[in-house]
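The values are calculated or read from the model by the stated rules, or taken from the named source; none is laboratory data. In this text, all values refer to a predicted model and were calculated from it rather than measured experimentally. Every residue, glycine as well, gets a Cβ built from its backbone with ideal geometry; the counts of neighbours run over all protein chains shown. Note: accessible area is taken over every heavy atom of the protein model, side chains too, but ligands, DNA and RNA are not part of it. Shrake-Rupley method; radii C 1.70, N 1.55, O 1.52, S 1.80 Å.
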Amino acid sequence: MDWLYILMPIAGVKIFWPGLIILGIGVGVIGGFFGMGGAWMVTPGLNILGFPMAFAIGTDIAHMAGKSLISTMRHGKFGNVDYKLGFIMLFGTIAGFEVGAQMIMWLERIGKVDMVVRWIYLALLAFITWMVFADVAKRKAKERAAIAAGQEVDKLATGLEWHKTLHKIKIPPMVHLTAAGIYCSAWLPIGVSFFTGWMAGILGIGGGLIRMPALIYLVGCPTHVAVGTDLFEVAISGLYGAASYTYKGRTELVAAIIMLIGAAMGAQVGAVATKYIKGYGIRIAFGLAVIGCGISILLKLLPTYIPGISYICNEIATYLILGLVSAMAIYITVKMVQGAKRELAMKKAKA
């Protein structure tokens, strides 16, 4: 069975290459569907397969950049990417990321970086989870009220409507974002991207986990446009990160290319799935993914307070993430196939 293992020339380790393809497919599906790079899923997966952690991070970033570019092109064909919004937000994202990175340097100097970052991450995930499910609950309440009053349910109605308040800010210059269907002050997406970039700089992630809900609830993007536009930004930031880690000699390009074979297939499935699973279907699935991520972070915090359980907590956290990747990818793929079948049946019925 030696043919199932391949030597990684830069990292100097032998890796089970089918595992790289499977991981690439799974995260490609999820990334194409949610608009996330998936660093919180891929890095531990690569580490399980045998990569040293520094190489796992560098290889993940290189794979993330390529996969996000593939997903962005697919979403662009569906009209799900607001390129104007993406370019406007780029300024705030870069500035925020640098501020966050400087804060990490300061926390590192005072010896508080690990604990502070993990608790911020946990608090952020808890807030995002509450926000997603509070939105779903309020939307369902509006649906029940409309049905009780004998009225037709407004398909564009949302639960949380923070973006409507923020759209009342009319500080010039004002911009019209065609794909997102938004007219607002340019300072709104710049401010939101600065905040999400700052959080990404502190947490050391690509930012998709934060930016996608921010685009929905603060900027007011339709869910499918938020996914596509977020992927566009992840691709740009990923290219920068990939170049940086490659320069430092911590990117295993062979592994990144193998993963991209799987990601190229998976990203197509994830992007197409947004055609059949709209709005609140995406939001609910995203909320479940965030819960899984939060539990994994909590498990990594436990050994700090309960000595002697570090190994078992790390194992559970890592396999939880891999299990989550598999379950989410299968769910999205099944829903896409079901939607495609319904569409074909409708076309046949009309013919």
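So, of the residues in region 62-101 that are in contact with a Ser or Thr (Cβ under 6 Å, 6 or more places away or on another chain) and assigned to a helix (DSSP H, G or I), which turns out to be surrounded by the most Cβ atoms within 10 Å (Cβ to Cβ)? Steps first, answer last, please.
At the first step, the residues of region 62-101 found to be in contact with a Ser or Thr (Cβ under 6 Å, 6 or more places away or on another chain) are 62, 81-82, 85-86, 89, 92-93.
If we keep only those that are assigned to a helix (DSSP H, G or I) too, we end up with 62, 85-86, 89, 92-93.
Numbers: 62: 26, 85: 27, 86: 24, 89: 30, 92: 20, 93: 27.
Across region 62-101, the extreme among qualifying residues is 89.
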Taking region 243-273 and keeping only residues that are in a helix (DSSP H, G or I), open to solvent by 60 Å² or more (accessible area, probe 1.4 Å) and touching a residue at least 12 places away in the same chain (Cβ under 8 Å), one is left with 245, 246, 253, 261, 265, 268
| query | Before we move on, is residue 143 outside any loop (DSSP other than H, G, I, E, B), at pLDDT below 80 and of a type in the set (Asp, Glu)? | reply | yes
> For residue 108, are the conditions met, namely being loosely packed, with under 15 Cβ neighbours inside 10 Å, free of Cβ contacts under 8 Å to residues at least 60 places away in the same chain and charged (D, E, K, R)?
Replying inline: yes
Exercise. In this structure, is residue 209 at pLDDT 80 or above and crowded, with 16+ Cβ neighbours inside 10 Å?
Worked result: no
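Listed here are the residues, each with its yes/no results for (1) surrounded by fewer than 23 Cβ atoms within 10 Å (Cβ to Cβ); (2) modelled with pLDDT under 85; (3) in contact with a helix residue (DSSP H, G or I) (Cβ under 6 Å, 6 or more places away or on another chain); (4) outside any helix (DSSP H, G or I).
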position	(1), (2), (3), (4)
169	yes, no, no, yes
179	yes, yes, yes, yes
201	yes, yes, yes, no
221	no, no, yes, yes
236	yes, yes, no, no
The one condition residue 316 fails out of (1) in contact with a Leu (Cβ under 6 Å, 6 or more places away or on another chain); (2) modelled with pLDDT under 75 is (2)
